[in-house]
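Before any comments, here is the structure.
The values are calculated or read from the model by the stated rules, or taken from the named source; none is laboratory data. Keep in mind that this is a model prediction, so the values were computed, not measured. Cβ coordinates were reconstructed from backbone atoms using ideal geometry, including for glycine residues, and neighbour counts include every protein chain displayed. Protein only, heavy atoms only, side chains kept; ligands, DNA and RNA dropped before computing areas. Shrake-Rupley method; radii C 1.70, N 1.55, O 1.52, S 1.80 Å.
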Amino acid sequence: MSVETLLLRLGGESGIDNAISAGDVLTRSAARTGYHVHTFRTYPAEIKGGPVMFQLRVGLQPVPSLGDQLDVLLAFNEEAWDLHHAALRPDGIVIYDPGMHQAPETFQGTAYGIPLDGMARDLNLRKGKNLIALGALSALLGFDFPELQATVKDLYGRKRPEFVESNRMALLAGYQWVRDNIQDDLPLHLAQPKRADQSSLVMSGNRAIVAGALTAGCRYFAGYPITPASDILEEMARRLPDIGGATYQTEDEIAAIGSVVGASIAGVKAMTATSGPGFSLMQEMLGLATMAEVPLVVINSMRAGPSTGMPTKMEQADLNIALYGGHGEAPRIVLAARSVEDCFYQAMQAFYLSETFQMPVILLVDQSLSHRTETLHMPDAQLVPVVERLRPGPEDVEEYRRYRLTESGISPMGVPGFDPTPYTATGLEHDETGAPNYTPEMHTAQLDKRGLKFEVVADALCGLEPPLGCIGYGVPEEEAQVGVLAWGSTAGVVREAVQQLAQEGLPVAALIPAVINPLPSDRILEFAEGLKAIIVPEVNRTAQFAAWVKAHTELHLISLNKYGGLPFTPAEIRTKVLEFLKPEPAEPKIQEEPLAEVDNG
């Protein structure tokens with residue numbers, strides 16, 4: 001049967017089966033062939049290794065989420081079967097290694113036993129088992145085998161040219177084994193895509209963030225390695241020196257954000273990236289950046305917590321600390337990226353806002369989105385202005401007041417060594433020149449200045465259009481009866497579920513804002529008008545986004561929470577929405593007895 005969309009999962013042991021590297025190869029090969037791709041992965045946090053999983057969804061059309069039930073499970077070992085078979089649809093396909101385990105007799109789908117480990121031994125390619133598996137998958141499911149060979153050669157041939165021939169042999173061994181040993185009509189076969197769109201890109205969320213930051217003019221990055229944000233540090237270290245920038249790996253997260261504050265004061269657009277534990281350590285320095293009105297961007301790739309938590313699992317549980325973290329009243333802008341493509345735009349928007357309004361901007365992503373690979377169109381960098389901070393003019397030279405009280409709350413920021421306008425950048429409360437000042441009048445004035453600036457931010461962001469503002473899906477809002485209000489990486493799965501329901505004629509619409517603080521309350525209230533139910537799905541236990549929206553709108557919201565370290569599936573969103581679209585039972589009609597005729601003579 002030819003299919004236009006296929007959901008495949010590879011499960012195995014870290015460092016032995018190399019399932020994730022196999023998944024990456026297959027993803028890139030499929031994208032180069034012309035398929036749309038969407039990936040998800042989990043892996044152990046321990047150095048000794050453990051079970052890993054790579055999920056790839058491919059389709060002729062865009063695939064916005066990781067999907068529902070698996071079409072195919074490739075289980076390298078018995079543990080992979082035990083962990084993942086429940087996600088396989090009843091008539092699905094399981095591929096297993098009979099030398100490692102057997103498919104249970106109770107399995108009702110199609111099972112193929114392929115001697116992956118045995119072939120690897122025969123070819124003396126113990127580390128080539130994953131490539132043998134890829135060759136077999138190509139023959140079974142219809143992936144373009146020459147493109148798969150070319151992808152492997154491009155990825156690994158440059159670094160290790162001595163393995164080009166052995167890699168080719170491994171792929172061919174798996175491919176030929178299927179051709180020689182499986183004569184049945186294959187139950188699933190991918191339809192062939194159109195020619196690959198040369199304007200399309202395939203990248204991860206972390207790499208899209210880097211691309212957006214560099215496009216916006218970021219030239220300094222400081223960070224400490226932490227899962228799942230480490231890719232950003234590594235990519236910045238690779239790319240910044242080529243364009244005159246610098247990357248600094250610090251001894252901890254406190255040093256990282258301190259370095260970024262210093263670089264920004266020196267006039268450079270600067271950024272750091274971390275996850276929950278590191279973000280906690282950065283709170284005092286974020287307060288300094290607010291007090292000293294220093295532009296900077298912090299990427300927080302959320303993972304399950306608290307404490308060290310689950311470093312390689314996703315969760316949307318750092319919203320509260322992004323909104324409220326730190327002492328005193330320190331307004332900061334909070335953004336949440338919704339897809340890999342949106343990571344690019346929100347990284348650009350983060351720099352636009354931080355430089356324009358001279359304050360910290362926090363961009364929230366999560367493990368799922370950071371490591372997810374998606375097909376996307378070439379982003380349009382012209383959609384986000386690239387700006388420089390307000391600098392002192394000739395009128396400021398004689399009497400420079402760095403924290404001058406202005407109508408907008410924004411005052412010119414001099415750059416040491418470039419502007420003849422020295423000032424003190426301090427975490428102490430200060431007067432307009434930057435000199436410490438603790439009088440009630442000055443503290444009130446400067447606190448109002450920083451608050452006023454945030455109100456100007458809210459006005460500037462009011463009515464932003466996609467891709468920077470709110471994105472909507474489903475039926476027209478005026479026709480909807482049930483709404484879904486989501487944020488961050490849940491956008492894709494909500495999009496798919498809502499669009500499916502709308503195509504079935506059901507009155508459902510969704511709204512996903514990118515700006516979380518200041519919240520677009522008026523836009524959300526407009527969306528909510530006339531809805532009989534608003535569902536808020538989020539991957540945390542305490543409904544943090546729902547609480548934030550309620551505080552600003554007083555809307556009645558229905559929370560849908562998931563917090564096991566995995567994202568939602570479209571079916572979970574659909575099921576919840578359908579609870580509120582069931583027809584209300586009609587009131588029973590009372591059968592009236594006919595009046596008896598009375599003979600009055």
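Numerical summary
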quantity	calculated
Among (1) open to solvent by less than 60 Å² (accessible area, probe 1.4 Å); (2) in contact (Cβ under 8 Å) with a residue 24 or more places away in the chain; (3) in contact with a strand residue (DSSP E or B) (Cβ under 8 Å, 6 or more places away or on another chain), the one test that N437 misses	(2)
Some residue of the stretch 479-486 being outside any strand (DSSP E or B) and surrounded by fewer than 21 Cβ atoms within 10 Å (Cβ to Cβ)	yes
Any hit, the stretch 412-420, residues being more than 22 Å from L201 (Cα to Cα) and touching a helix residue (DSSP H, G or I) at 6+ places or on another chain (Cβ under 6 Å)	yes
Matching residues, the stretch 79-127, being of a type in the set (K, R) and modelled with pLDDT of 90 or more	R89, R121
The stretch 54-75 - residue that is free of Cβ contacts under 8 Å to residues at least 60 places away in the same chain and open to solvent by less than 10 Å² (accessible area, probe 1.4 Å) and, of those, farthest from E374 (Cα to Cα)	F54
Given (1) over 35 Å from the mean Cα position of the chain (by Cα); (2) open to solvent by 50 Å² or more (accessible area, probe 1.4 Å); (3) modelled with pLDDT of 95 or more, index of the condition D448 fails	(1)
All positions within the stretch 76-101 that are open to solvent by 10 Å² or more (accessible area, probe 1.4 Å), among the charged types (D, E, K, R) and free of Cβ contacts under 8 Å to residues at least 60 places away in the same chain	E78, D82, R89
Check on I333, β-branched (V, I, T), under 25 Å from A547 (Cβ atoms) and in contact with a helix residue (DSSP H, G or I) (Cβ under 6 Å, 6 or more places away or on another chain)	yes
So L363, is it crowded, with 22+ Cβ neighbours inside 10 Å and over 30 Å from A31 (Cα atoms)	no
Qualifying residues in the stretch 458-473 (those that are touching a residue at least 24 places away in the same chain (Cβ under 8 Å) and either in a loop (DSSP other than H, G, I, E, B) or touching a Leu at 6+ places or on another chain (Cβ under 7 Å) (or both)) - the one surrounded by the fewest Cβ atoms within 10 Å (Cβ to Cβ)	G463
Residue selected from the stretch 243-261 under the condition touching a strand residue (DSSP E or B) at 6+ places or on another chain (Cβ under 8 Å) and aliphatic (A, V, I, L, M), by the criterion surrounded by the most Cβ atoms within 10 Å (Cβ to Cβ)	I257
Hey, Y43 aromatic (F, W, Y), open to solvent by 20 Å² or more (accessible area, probe 1.4 Å) and touching a residue at least 40 places away in the same chain (Cβ under 8 Å) or not	yes
Total residues in the stretch 391-409, condition closer than 17 Å to G434 by Cα and assigned to a loop (DSSP other than H, G, I, E, B)	12
Residues being part of a loop (DSSP other than H, G, I, E, B) and not acidic (D, E) - total across the stretch 61-106	18
Enumeration of residues in the stretch 242-256 that are more than 11 Å from L214 (Cβ to Cβ) and either in contact with an Asp or Glu (Cβ under 6 Å, 6 or more places away or on another chain) or among the aliphatic types (A, V, I, L, M) (or both)	A246, I254, A255, A256
In the stretch 374-397, the residues that are without any contact (Cβ under 8 Å) to a residue 24 or more places away in the chain and either more than 23 Å from A445 (Cα to Cα) or among the aromatic types (F, W, Y) (or both)	D380, Q382, G393, P394
Number of the exception - S264 against (1) crowded, with 17+ Cβ neighbours inside 10 Å; (2) under 26 Å from the mean Cα position of the chain (by Cα)	(2)
Every residue from the stretch 310-322 that is in contact with a Pro (Cβ under 9 Å, 6 or more places away or on another chain), at pLDDT 95 or above and open to solvent by 10 Å² or more (accessible area, probe 1.4 Å)	A317
Sole exception among (1) of a type in the set (K, R); (2) surrounded by fewer than 24 Cβ atoms within 10 Å (Cβ to Cβ); (3) within 21 Å of the chain's Cα centre (by Cα) for R389, by number	(3)
Residues located in the stretch 335-355, provided they are within 15 Å of the chain's Cα centre (by Cα) and either in a strand (DSSP E or B) or surrounded by fewer than 24 Cβ atoms within 10 Å (Cβ to Cβ) (or both)	L335, A336, E341
Test for K153: is it free of Cβ contacts under 8 Å to residues at least 24 places away in the same chain and in a helix (DSSP H, G or I)	yes
